[in-house]
1. Would it be correct to say that residue 321 is part of a helix (DSSP H, G or I), in the same structural domain as residue 257 (by TED's automatic domain parsing) and farther than 30 Å from residue 269 by Cβ?
2. Based on this model, can you work out whether residue 441 counts as surrounded by fewer than 17 Cβ atoms within 10 Å (Cβ to Cβ), in contact (Cβ under 8 Å) with a residue 40 or more places away in the chain, part of a helix (DSSP H, G or I) and of a type in the set (Phe, Trp, Tyr)?
3. Residue 353 - would you say it is hydroxyl-bearing (Ser, Thr, Tyr), over 21 Å from the mean Cα position of the chain (by Cα) and part of a helix (DSSP H, G or I)?
4. I'd like the full set of residues that are out of contact with any Phe, Trp or Tyr (no Cβ under 8 Å at 6 or more places or on another chain) and surrounded by 20 or more Cβ atoms within 10 Å (Cβ to Cβ), limited to the stretch 159-169.
5. Restricting to the stretch 51-62, name every residue that is surrounded by fewer than 21 Cβ atoms within 10 Å (Cβ to Cβ) and either over 30 Å from residue 110 (Cβ atoms) or among the aliphatic types (A, V, I, L, M) (or both).
6. Quick check on my filter: what residues within the stretch 342-360 are of a type in the set (Gly, Ala, Ser) and touching a residue at least 60 places away in the same chain (Cβ under 8 Å)?
7. Might you check whether a residue that is at positive phi and of a type in the set (Gly, Ala, Ser) occurs anywhere in the stretch 394-415?
8. Could you go through the stretch 72-89 and let me know if any residue there is in the same structural domain as residue 124 (by TED's automatic domain parsing), touching a Ser or Thr at 6+ places or on another chain (Cβ under 7 Å) and either over 30 Å from residue 192 (Cβ atoms) or crowded, with 19+ Cβ neighbours inside 10 Å (or both).
Amino acid sequence: MSLGRTAAQGAMVTLSLQTARFIVQLSGLVILGRLIAPSEFGLVAMVTAIIGIGDILRELGLVPAAIQARVLTQHQRTNLFWLCSGLGVLVALLVCAASPLIANIYRDDRLIEIALILSLTFVFNGVQAQFQAGLAREMRFAALSVTDLCAQSVGLVVAVTAAIQSFGYWSLVAQLVSQSFALLVLRILASRWMPGLPNRKGGMGRQLAFGKNLTLTQSLVYASSNVDSLIVGSGFGASQLGFYNRGFQILMMPLNQILTPLTTVALPVLSRVSDQRRRFNKYLQSAQIVMAYPVVLLFSGMAAAAQPLIRLIFGEQWSPSAVIFQILSVGGIFQAIGYVGYWIFLARGLTNSHFRFSLLSRSVLILSILAGSAFGPLGVAAGYTIGVIINWPLGLMWLGRAAGVRVRLLFLGGLRAVLLGVFCAGAASAINLVVAPTSEFASILIIFISGLIVAGLTVIIIPVYRRDMKTIQSTIKLVARPKDTTSVLKAPESAK
């Protein structure tokens, strides 16, 4: 099987299973949102906004380092397992020690116990890290997605059961802990490998260097991405953080369902062709088109229908989250179309350059959020979105110099998708106002159907959009083709 078909099949299988995962996560948000108060969601979000950095430190970039490596010996893999496991335990101990400080930041002693229990997740995730890397290296994308889906389901069942018994925020804590433990067990069962004892023959210098630079970058990204939650929680209270966090969850849930599995597929594939410039550029351009249009159209429709959508699904008590989501969704669109830059940095092994760029881009994001915080939670959301928009062209210009990538075509491809999304959302909103439906469900239906019709007509009328759709169709055909030993993902017409 060609590498192109492997990539396409892996993406389609993973995204199909991610659809089921999305349904599980959405069900959790809906059910738990009606059983647990926004302020209790805010309590858990206060803790996770701070201790989430621990997931980056306990991994130390060693999972993508193992995936990206051209050659990984059994000795190296075993040593990476023990190192990741030890880091998980170390981070758990650090979280326990820092729990009083977390409570002092938010002035709520309940956060101490929450942090202590959640520290277990770092132990479980540390042990399973190299099982995850092994499945990705073997391109067993279905196994990765199925184990993730099952773990999500276990966590949801535990959380709903606890919430029905009126355990409040402890239901959310139990969900996170049980999910991480289930993922550990399932990944071990799915793997065809078991670690041995640490061995000095397994030199890890290259993996540690890769992981060090990536960890610095990820830490910076995490801090800048969570400074908004820290500001809202400490400055405006648990309830406002609950509303903000729900809006952010609605944004990140579908975004992660698309970006995370595609990264799982893209990184090993792009790493194998990173020294073949023409082929590498073709893969990038096709991947961006295949990813950008569904994401942009989805978020454009969700933003246009945010008010009735949130009232219908989550209940009237979550209405303040609608405007927050509408603002953040614009940033989510630009975050998605710019994500291909992250793949380039990792596939080319440019972690040092990635860190230096992140110093610039994350400074822009933090300054934007701080400026917006003067206007309350909505201002924080607007600051986050403005920062993400500014960083998209900055990232492309940086990659043009650092990686020699044809960023002009990536910029134009992303811009076309954004313009289509804005046009469809605006037209759908106008149609909804004219029709003036009497129920939330009817309003949602009108917005999404009219948006899809407008998108279809635009594709039919404008040639460049027809060419982009042909690229998406060729990728789908690549998956369905029974035999293919020579093909790769078809390049967009504009790349020829």
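The values are calculated or read from the model by the stated rules, or taken from the named source; none is laboratory data. Model, not experiment: these values are computed from the prediction. Here Cβ is always computed from backbone atoms with ideal geometry, including for glycine, and neighbour counts include all displayed protein chains.
1. Spelling it out, residue 321 is indeed part of a helix (DSSP H, G or I), in the same structural domain as residue 257 (by TED's automatic domain parsing) and farther than 30 Å from residue 269 by Cβ.
2. So residue 441 passes the test.
3. For residue 353, the condition - hydroxyl-bearing (Ser, Thr, Tyr), over 21 Å from the mean Cα position of the chain (by Cα) and part of a helix (DSSP H, G or I) - is met.
4. Taking the stretch 159-169 first, the residues out of contact with any Phe, Trp or Tyr (no Cβ under 8 Å at 6 or more places or on another chain) are 159-161, 163-168.
Correct list: 159, 163.
5. So in the stretch 51-62, the residues surrounded by fewer than 21 Cβ atoms within 10 Å (Cβ to Cβ) come out as 52-53, 55-57.
The answer is 53, 56, 57.
6. 347, 349, 358
7. So far as the stretch 394-415 goes, yes, one or more of its residues are at positive phi and of a type in the set (Gly, Ala, Ser).
8. Of the stretch 72-89, the ones in the same structural domain as residue 124 (by TED's automatic domain parsing) are 72-89.
From what is left, the residues that are touching a Ser or Thr at 6+ places or on another chain (Cβ under 7 Å) are none.
No, the stretch 72-89 contains no residue that is in the same structural domain as residue 124 (by TED's automatic domain parsing), touching a Ser or Thr at 6+ places or on another chain (Cβ under 7 Å) and either over 30 Å from residue 192 (Cβ atoms) or crowded, with 19+ Cβ neighbours inside 10 Å (or both).
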